[in-house]
Each structure stands twice: as structure tokens, then as C-alpha cells.
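Following: one structure in C-alpha cells, then a few remarks.
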Amino acid sequence: MTVDEQLAYLRKGTTEIIREEELRSKLEKSAKTGKPLRVKLGADPTAPDIHLGHTVVIRKLRAFQELGHTAIFLIGDFTGLIGDPSGKSATRPQLTHEEINANAETYKRQIFKLLDPDKTEIRFNSEWMGKLGADGFVRLASHVTVRQILERDDFAKRLTEERPVALHELLYPLTQAYDSVALQADVELGGTDQKFNLLLGRNLQREYEQEAQVAVITPLLEGTDGVQKMSKSLGNYIGINEPPSEIFGKVMSISDDLMWRYYELLTDKTDAEIFSMKVAVGVLTLNPRAAKVDLAKLIVTDFHSAETAAAAEEEFDRVHKQRELPDSITIRPIQAKLWKLTRLLVESNLAPSIAEARRLVEQGGVRVAGERVSFVDTEIDLKPDQEIVIQVGKRRHLRVLGE
């Protein structure tokens, strides 16, 4: 690829590149010298599972890797002890060493579904932070002013609202910035919530007489609800370790508008190809459902295989077009007795509360033995050894077994 073609490829799905002319210069120098760029992506092992929202920036790291540059996946085992305060309205709980190590091992297994393990450097920032010592940390802190750190929006907001900011939180951006110095990063990747940290890394590199890294910033992916940022705590996430049929079904549940956002951030389709598909949908030569099926298959293929993606499509069509039951439905033993349906939904973990169970029933989202139930006071007489299939929404099925 020419440098212009590389820039176009790397620019896709970004919100900002600071600064693009610097990235062009670095790419040109790399092409002349044959020395690959060092491209850093840091992640604190705060949770063991990666979802599609995390993969937006991981895919960008893969793009650099595909262009022949050195991909550095930095696991923040030291910064994890502090906890990233980005976007937080309160001090984040600190993880133990044991939690961090367990999560880090899970991360390593998952990222190689997208990255080439033979061409990826896995680093831990305890390598240098653990050796820095108290005197070294004091010298490091001398390169950044309190005013600079307090420019972070989340810190300023919390201080304005008279919410506490713990002293150790102020050290987080400083420590993350020093990672770029230790790794001599040419480029650092991050979401929009990491912009401050990435820019501080640029400044700190200059303090250490290094060439400043380029900050490549990607957007935060909306969850399946199309509103909130994808998050496990909000329940609007798609985990990359989920079964193929679950990933496929969740992708099929998103809105047509959100589908194009997912195409942009979660696939290798070019902007021109995506625009062409949008036009085809607009002039009715492409069914939006068919476009969404293709998207679901692309995503499942990334984390499983093309064969499992095809099987997931067949399963989805069989269940949703032909109204058949899935091949495999979880069986849950439940006490045999006369149940209020709403209570049974809660007991079987199909609804988090009675209020939510009532809402599901009232909106026609519950089927018992294939029949839609809309009366909230419906009772189910569950006999010993009797199985009843309960369906909530389009995709959730459960066999309750009387015992």
C-alpha cells in the first residue's frame, strides 16, 4: 500500500488522529527505513470478558499489524491497582493482584482471536513501574503539574460537585503516560474516553526527549439498545466468547440504523462498500434484513468460524422464521407446585423482578408451551417430572422441570 492508502485504511472508524500529518511522516519514515512503528494499546484487566465494544480499538491495532507494524498489547497490571477513573463519578474499587492476574490471562486468550500472536508483543506495565521505586516516581511526577492533571473533565466535574477525588487516582494518567515513554511508542490507540491520557503521553514523551506519539482515537460503540455505550453492567453487550447462536441473535436484534455503525467499526468493509450497501437498501435492491444477516455472519466468523456462522444463521431462521424450538434448550429444575407465572419467571431467572415479569407478560413477550400469555395473573400448575418450555422475547427459551 502507498502511504495515502495506509492512511485511508487507518483513518476508517476513527474520530480523531492527533496529528494526522505526524502519522503520515512516521509512515513515510517507516517505509524508507524498513523499521516498523511501535503501536501501543493499553488495557487494564478490570474484567475477565471482552465484548464487541472493546474490539473496536483492538481491530485498529490489528490494522497496524496487517501493515507490518509492531502491535504492543499492554496489560496494565500496575495501573489496574489504581483503577482507571475515566468517566467515573466516584472512586473506582481497587483490584487485588490475584484478580488482576486471573483477568490478564483471560485477556491474553481472547485478544488472539483478532491479533496474530506471533506478531504481537504482550507487555505488563509492572515491568517498569515496579522497578521505578519511590524516588523514581517522585522524579516522574515532577514532569507533570497538578493543573494539567485536574484538566481532566471527570476530575473537574467531581470537584465541582464536591465529590471526592482520591490522591491515587491523580496518579493514573501519569502512570499510563509513562508507559508510552517506557515502550517508546510511536502511536497509541484508545477510545474517546482515553483522549486525555493519550495526550498526556505525548507531552511526557517530549519531557523525556522522545518523539511524541500519535494519538489514534476511536469512538465508543453503542450497545444493542442503540443508546448507551456497550457495557456488561447495562446488559446491552455482545461478548466475543458467547456461543455463535447468541452472538448472531443479538446482532439481528439491533436497529437498521445501528447496523451501519457496526459495519463501520466491527468489520473490514471499506467506507465505499458500506455506502454502496446503504444506497442499495435505500433503493430497495437490498433487503436490510439480508444486510444484517451478512453483518452477523461476519462478526460470528471473527470469533468462531465461517462454518459456525452459517450454522447460526440456519438455527436463527429455523427458530424465528419457522417458529421452531432451538436444538438445545437449558433445563432448569423447579419445585413442582402451582406457580404465578410472574413468580415463575423470576424463580427461573427469566426476569430480574416481579415488576419486570409483569411488564414482559403485559407486552406479550412471554410464551408458555408455544402459546402467548398476556394475563399477568396467569397460574402454571407444574407437576413432578413435567417439562414446560417458556419463551421470553424472541431468543430466550427455557425448559422448567417439575421436581
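Side notes on the structure shown:
- Meets criteria (in contact (Cβ under 8 Å) with a residue 60 or more places away in the chain and assigned to a helix (DSSP H, G or I)) for I329: no
- Qualifying residue in segment 361-381 (condition: among the charged types (D, E, K, R), open to solvent by 30 Å² or more (accessible area, probe 1.4 Å), within 26 Å of Y237 (Cβ to Cβ) and in a loop (DSSP other than H, G, I, E, B)): no
- Members of segment 126-148 that are closer than 22 Å to V214 by Cβ and open to solvent by less than 40 Å² (accessible area, probe 1.4 Å): W128, V144
- Segment 1-35: number of residues that are more than 21 Å from D271 (Cα to Cα) and among the hydroxyl-bearing types (S, T, Y): 3
- Segment 27-67, subset polar (S, T, N, Q) and more than 20 Å from I299 (Cβ to Cβ), residue least open to solvent (accessible area, probe 1.4 Å): S30
- Scope segment 153-169; condition surrounded by 12 or more Cβ atoms within 10 Å (Cβ to Cβ) and either free of Cβ contacts under 8 Å to residues at least 60 places away in the same chain or in a helix (DSSP H, G or I) (or both); matching residues: D153, D154, F155, A156, K157, R158, L159, H168, E169
- Elements of type helices (runs of 4 or more DSSP H) in segment 212-323, at least 1 residues being of a type in the set (F, W, Y) and under 30 Å from L183 (Cβ atoms): 288-303
- Scope segment 223-235; condition more than 15 Å from I50 (Cα to Cα) and either of a type outside the set (D, E) or open to solvent by less than 50 Å² (accessible area, probe 1.4 Å) (or both); matching residues: T224, G226, V227, Q228
- Complete set of residues in segment 234-253 that are under 22 Å from P352 (Cβ atoms) and not aromatic (F, W, Y): L234, G235, N236, I238, G239, E242, P243, E246, G249, K250, S253
- Filter result (in contact with an Asp or Glu (Cβ under 8 Å, 6 or more places away or on another chain) and buried (at least 23 other Cβ atoms within 10 Å of the Cβ)) within segment 190-208: L198, G201
- When S374, S348, S353 are checked against the criterion of being under 24 Å from H320 (Cβ atoms) and within 30 Å of the chain's Cα centre (by Cα), S348 stands alone in meeting it.
- Flag for A185 being within 19 Å of A63 (Cβ to Cβ) and either at pLDDT 90 or above or in a helix (DSSP H, G or I) (or both): yes
- Meets criteria (at pLDDT 95 or above, out of contact with any Leu (no Cβ under 8 Å at 6 or more places or on another chain) and either within 21 Å of P352 (Cα to Cα) or not aromatic (F, W, Y) (or both)) for Q205: yes
The values are calculated or read from the model by the stated rules, or taken from the named source; none is laboratory data. Because the structure is a prediction, the values reported are computed rather than measured. All Cβ positions, even for glycine, are placed from backbone atoms using ideal geometry, and neighbour counts span all protein chains on display. What goes into the accessible areas is simple: the full protein's heavy atoms, side chains included, and nothing from ligands, DNA or RNA. Shrake-Rupley method; radii C 1.70, N 1.55, O 1.52, S 1.80 Å.
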